[in-house]
Amino acid sequence: MRYMQLSEMLSMLRYEARLSANVAHGVQLADAHRYLLRRVQEELWLSFDWPHLKMNQTSSVNAGTRYTTYPNRVTFEGITGIETRDEAKDWRLLVYGIEREHLNYKDSDADERDFPVQRWQNYLANAAETINSNMLELWPIPDRNISLRFFGKRALFPLVEDAHVSTIDGPLVVLHAAFELLQGQDAKDAQVKLQRAKDRERMLRLRQSAPNNRPRNMAGSAAGTRLRPWIEYIPD
């Protein structure tokens, strides 16, 4: 993985898309290029559970809390599971979804509390269009302070300021973005650029695979290892 600042990616994009290397010549396109790079990076983030982004993070929740925010490195889209500690101090997986039968048993609207927490669900408050981030609902409402452990894929930090660093491999994002620009110009070598992007993505995914799933060389010892399947990101 090569992480790049947005300013570096903009410069590389101009070369890859055969635009003028003089920043002053393309100043009117800079905002459009920033948007393109942000969108492509988000689509690449969504297209694959990149192992280098695998994370877990623990947060504390106070007794009586029904709704709580996600930790800053977590988004709903990236979560693969949430755990909490039971009375034996063992971590146990929460089940997703809070249905009528659960609220009939422990009525959160009536502030009925219990332990341990068993379920969770993504939550959008009223007037959610004014809320910048989602929250999660817990059931039953905990009657004591608890810990939650989130695991999954680290949140994507968007490319907004020129000093911001890519979450996904910078050259990969740039190559896909350059393909879109060249395709829009009906450039004959647009498909060549796309193939370069796919080749780099394939190489990165092979290197990102778990150690016991990686292909071995002739001197390797683990026979029968195989690569994990994936669905390639295909730009619009």
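Here region 186-210 is the region considered, the condition is being without any contact (Cβ under 8 Å) to a residue 60 or more places away in the chain and part of a loop (DSSP other than H, G, I, E, B), and the residue that is surrounded by the most Cβ atoms within 10 Å (Cβ to Cβ) is Asp189. Applying the set (1) out of contact with any His (no Cβ under 8 Å at 6 or more places or on another chain); (2) not in a strand (DSSP E or B) to Ser60 leaves exactly one unmet item: (2).
Of the residues in region 23-44, none is among the hydroxyl-bearing types (Ser, Thr, Tyr), in a loop (DSSP other than H, G, I, E, B) and either under 16 Å from the mean Cα position of the chain (by Cα) or surrounded by fewer than 16 Cβ atoms within 10 Å (Cβ to Cβ) (or both). Comparison of Asn62, Asn122, Asn72 shows that the only residue that is within 12 Å of Leu138 (Cα to Cα) and in contact (Cβ under 8 Å) with a residue 60 or more places away in the chain is Asn62.
Identify all residues within region 70-111 that are open to solvent by 70 Å² or more (accessible area, probe 1.4 Å), of a type in the set (Asp, Glu) and not in a loop (DSSP other than H, G, I, E, B); write none if there are none. Glu77, Glu101, Asp109, listed by residue number.
Give region 48-57 a look and list any residue that's surrounded by fewer than 16 Cβ atoms within 10 Å (Cβ to Cβ) and part of a helix (DSSP H, G or I), or say none. Within region 48-57, Pro51, His52 meet the criteria. A single entry from Pro140, Pro229 fulfils the requirement of being more than 21 Å from Val40 (Cβ to Cβ) and at pLDDT 90 or above: Pro140.
Return the residue satisfying two criteria in turn: it lies in region 131-145 and is assigned to a loop (DSSP other than H, G, I, E, B) and closer than 15 Å to Tyr70 by Cα, and of such residues it is most open to solvent (accessible area, probe 1.4 Å). Filtering region 131-145 for residues that are assigned to a loop (DSSP other than H, G, I, E, B) and closer than 15 Å to Tyr70 by Cα, the one most open to solvent (accessible area, probe 1.4 Å) comes out as Asn132.
The residue pairs whose first member lies in region 164-179 and is without any contact (Cβ under 8 Å) to a residue 12 or more places away in the chain and closer than 15 Å to Tyr35 by Cβ, whose second member is open to solvent by less than 10 Å² (accessible area, probe 1.4 Å) and part of a helix (DSSP H, G or I), and whose beta carbons are closer than 7 Å, counting only pairs six or more residues apart or on different chains, do not exist in this structure. Taken over region 151-163, residues that are closer than 14 Å to Arg34 by Cβ, among the aliphatic types (A, V, I, L, M) and surrounded by fewer than 21 Cβ atoms within 10 Å (Cβ to Cβ) amount to 2. When you check Leu148 against the structure, is it modelled with pLDDT under 95 and buried (at least 17 other Cβ atoms within 10 Å of the Cβ), yes or no? Judged against the criteria, Leu148 is not a match.
The values are calculated or read from the model by the stated rules, or taken from the named source; none is laboratory data. These numbers were taken from a predicted model, which means no experiment stands behind them. With ideal geometry, Cβ positions are generated from the backbone for all residues, glycine too; neighbour counts draw on all protein chains shown. Quick note on the areas: whole protein, heavy atoms, side chains included, nothing else; ligands and nucleic acids left out. Shrake-Rupley method; radii C 1.70, N 1.55, O 1.52, S 1.80 Å.
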